[in-house]
Amino acid sequence: MVSQMTGVDAPQSEHRDLFDVAVEQFEIAADVLGLDEDMRKILSYCQRELTVNFPVEMDDGSVQVFTGHRVQHNGGPGPTKGGIRYHPSVTLAEVKALAMWMTWKCAVVGLPYGGAKGGVTVNPKILSQNELQNLTRRYTAEISIMIGPNKDIPAPDVNTNPQIMAWLMDTYSMTMGYSVPGVVTGKPIVLGGSEGRNEATGRGLVYAVQSGAAALDMDLSKTATVVQGFGNVGGTAARLMAEAGSKVVAVSDQHGGLYNPAGLDLAGVTAHLARTGSVVGYAGADAITNDELLVLPCDILIPAALENQITAENADRITARMIAEGANGPTTPEADKILYDKGVFVLPDIFANAGGVTVSYFEWVQALQAFPWTEEQVNERLKQIMHRSFDAVYEMARKHHVHMRTAALMRAIDRVAEVQRLRGIYP
Ligand code: GLU
């Protein structure tokens with residue numbers, strides 16, 4: 001398959017951006033499903049794309065104009081759902097890809113949501129708290145025509161956090177004139193956030209790994225794990241993998257990585273990170289680069305940073321038996337093929353990191369009912385959903401002799417297409 005939307009009336013793009021990659025993955029699964037051309041056309045577009053350029057007053061009195069986006073890929077299954085990222089590399093194509101992946105992610109685990117995503121092109125690390133708040137409030141106001149508790153519900157993503165979700169919730173609530181906790185998830189718990197939401201993506205990922213290990217007959221206590229990224233997802237996944245018995249031998253952040261074949265002292269690394277702002281420089285390990293990290297000897301590799309990390313360049317040097325994608329889109333379609341041929345078992349992003357949006361769904365349900373659950377209830381329900389979804393995807397992969405990404409996409413696309421068929425085309 002090539003990257004363009006084969007057989008679909010879609011604009012041809014000069015180069016292959018992340019949305020082309022998302023469509024290419026979609027086409028592969030649609031081929032195996034035998035999806036009809038009309039449905040391919042509908043599902044390979046994003047339904048709504050909003051780009052906003054907005055001014056923010058900086059602390060020194062100057063004004064900067066920032067660009068942001070909010071994209072809804074498909075609202076068939078219900079309100080749309082997906083995070084907001086703040087990163088210098090955010091583009092509309094990236095946000096579109098991430099929105100499409102959210103549609104599939106929600107469908108793989110059976111949530112009553114369509115997919116959306118938002119992003120602002122900014123390096124939030126160089127902003128003051130005041131500037132960050134101003135940017136968040138103005139971006140929220142700009143996208144307020146799209147969001148709402150029954151319309152489109154944002155959440156945290158790369159470089160956004162519960163405080164930013166609190167500002168978003170407050171801004172939206174101020175324009176409505178009353179508090180609307182259901183407009184956003186990943187909020188602080190006192191504002192109607194859910195117990196367990198902060199750790200949910202990493203925790204769900206480890207439930208996914210446990211299912212995968214059982215299927216492959218892998219004893220986690222005899223495994224070594226490598227984690228790329230040490231943020232909300234990677235940091236939690238590393239800690240919970242160690243609790244599950246695996247030896248975590250390497251972690252990294254955007255500045256570089258750490259490797260200790262005897263196993264890292266994760267509490268020590270976390271304390272070093274809190275003190276210095278990076279894992280780099282921690283004394284109890286060798287310094288490595290992010291590229292070196294991906295090809296280290298290990299059993300389980302968890303890419304939990306950004307997209308396009310595992311590519312045709314490095315896929316054949318990967319030694320892991322299982323890859324669990326904490327990040328969205330870390331593996332290119334070329335790499336997928338190489339990994340499949342090598343027999344590497346991939347737990348794809350749209351399944352493996354679905355724990356975050358699953359607990360977001362729990363948070364939304366709790367907000368609508370104004371009835372909070374305990375952390376045990378949250379984690380238990382999350383575990384059931386991850387294990388059940390694994391079983392369904394694994395069965396699909398075996399039945400159709402496809403890799404796990406295509407199997408997960410097939411399950412998701414089948415559901416969304418069914419919704420689309422039942423709803424029909426308006427008018
Ligand atoms: N940003 C997360 C993701 O990519 C969570 C989305 C959500 O909770 O809505 O899945």
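The values are calculated or read from the model by the stated rules, or taken from the named source; none is laboratory data. What you see is a predicted model; the values in this text were computed from it and never measured. Don't worry about glycine lacking a Cβ; one is built from the backbone with ideal geometry, like all the others, and counts go over all protein chains shown.
Selection of strands (runs of 3 or more DSSP E) fully inside segment 217-285 by the criterion of at least 1 residues being crowded, with 24+ Cβ neighbours inside 10 Å, within 19 Å of the chain's Cα centre (by Cα) and of a type outside the set (Val, Ile, Thr) returns 224-228, 247-253. Scanning segment 184-193 for residues that are within 18 Å of residue 105 (Cβ to Cβ) and either touching a Phe, Trp or Tyr at 6+ places or on another chain (Cβ under 6 Å) or surrounded by fewer than 24 Cβ atoms within 10 Å (Cβ to Cβ) (or both) yields a count of 1. Could you list, in sequence order, the residues of segment 381-427 that are among the basic types (Lys, Arg), surrounded by fewer than 22 Cβ atoms within 10 Å (Cβ to Cβ) and in contact with a helix residue (DSSP H, G or I) (Cβ under 8 Å, 6 or more places away or on another chain)? Hits for segment 381-427 are 381, 383, 415, 421.
Might you let me know whether segment 132-140 holds any residue that is in a loop (DSSP other than H, G, I, E, B), surrounded by 15 or more Cβ atoms within 10 Å (Cβ to Cβ) and within 16 Å of the ligand (Cβ to nearest atom)? Checked against the condition, which is being in a loop (DSSP other than H, G, I, E, B), surrounded by 15 or more Cβ atoms within 10 Å (Cβ to Cβ) and within 16 Å of the ligand (Cβ to nearest atom), segment 132-140 yields no hits at all. Return yes or no: is residue 312 buried (at least 17 other Cβ atoms within 10 Å of the Cβ), without any contact (Cβ under 8 Å) to a residue 60 or more places away in the chain, of a type outside the set (Lys, Arg) and farther than 25 Å from residue 199 by Cα? The answer is no for residue 312. Residue under question is residue 378, and the condition is that it be without any contact (Cβ under 8 Å) to a residue 60 or more places away in the chain, β-branched (Val, Ile, Thr) and surrounded by fewer than 24 Cβ atoms within 10 Å (Cβ to Cβ); does it hold? In short, no. Applying the condition of being within 19 Å of residue 24 (Cα to Cα) and within 11 Å of the ligand (Cβ to nearest atom) to segment 62-103 and asking which residue is surrounded by the fewest Cβ atoms within 10 Å (Cβ to Cβ) yields 101.
Taking every residue in segment 152-168 that is closer than 15 Å to residue 137 by Cβ and pairing it with any residue that is within 10 Å of the ligand (Cβ to nearest atom) and among the β-branched types (Val, Ile, Thr), at least 6 positions away or on another chain, the pairs with Cβ-Cβ distances below 7 Å are 154/84; 154/184; 160/84; 165/184; 168/184. When segment 142-163 is filtered for residues that are within 20 Å of the chain's Cα centre (by Cα) and in a helix (DSSP H, G or I), the ones remaining, listed by number, are 162, 163.
Does segment 164-184 contain at least one residue that is farther than 30 Å from residue 260 by Cα, assigned to a loop (DSSP other than H, G, I, E, B), within 12 Å of the ligand (Cβ to nearest atom) and not hydrophobic (A, V, I, L, M, F, W, C)? No, segment 164-184 contains no residue that is farther than 30 Å from residue 260 by Cα, assigned to a loop (DSSP other than H, G, I, E, B), within 12 Å of the ligand (Cβ to nearest atom) and not hydrophobic (A, V, I, L, M, F, W, C). Only residues that are touching a strand residue (DSSP E or B) at 6+ places or on another chain (Cβ under 7 Å) and either more than 13 Å from the ligand (Cβ to nearest atom) or closer than 19 Å to residue 307 by Cβ (or both) were counted across segment 107-128, and they come to 9. Is it fair to say residue 229 is at positive phi, touching a strand residue (DSSP E or B) at 6+ places or on another chain (Cβ under 9 Å) and either in contact (Cβ under 8 Å) with a residue 12 or more places away in the chain or within 16 Å of the ligand (Cβ to nearest atom) (or both)? Yes; evaluated as a whole, the condition is true for this residue.
For segment 368-389, a tally of residues being within 20 Å of residue 198 (Cβ to Cβ), within 15 Å of the ligand (Cβ to nearest atom) and among the hydroxyl-bearing types (Ser, Thr, Tyr) returns 0.
Only one entry of 248, 279, 269 meets the criterion of being under 23 Å from residue 212 (Cβ atoms) and in contact with a Leu (Cβ under 7 Å, 6 or more places away or on another chain), and that entry is 248. Among the residues of segment 39-94, what is the count of those that are closer than 21 Å to residue 418 by Cα and of a type outside the set (A, V, I, L, M, F, W, C)? Residues that pass the stated criteria total 16.
Contact map, segment 92-114: first residue within 15 Å of residue 45 (Cβ to Cβ), second residue among the charged types (D, E, K, R) and surrounded by fewer than 24 Cβ atoms within 10 Å (Cβ to Cβ), Cβ cut-off under 6 Å, separation 6 or more or different chains; pairs are 93/17.
Per the conditions (1) within 16 Å of the ligand (Cβ to nearest atom); (2) modelled with pLDDT of 95 or more; (3) more than 18 Å from residue 246 (Cβ to Cβ); (4) crowded, with 19+ Cβ neighbours inside 10 Å, the sole criterion not satisfied by residue 365 is (4).
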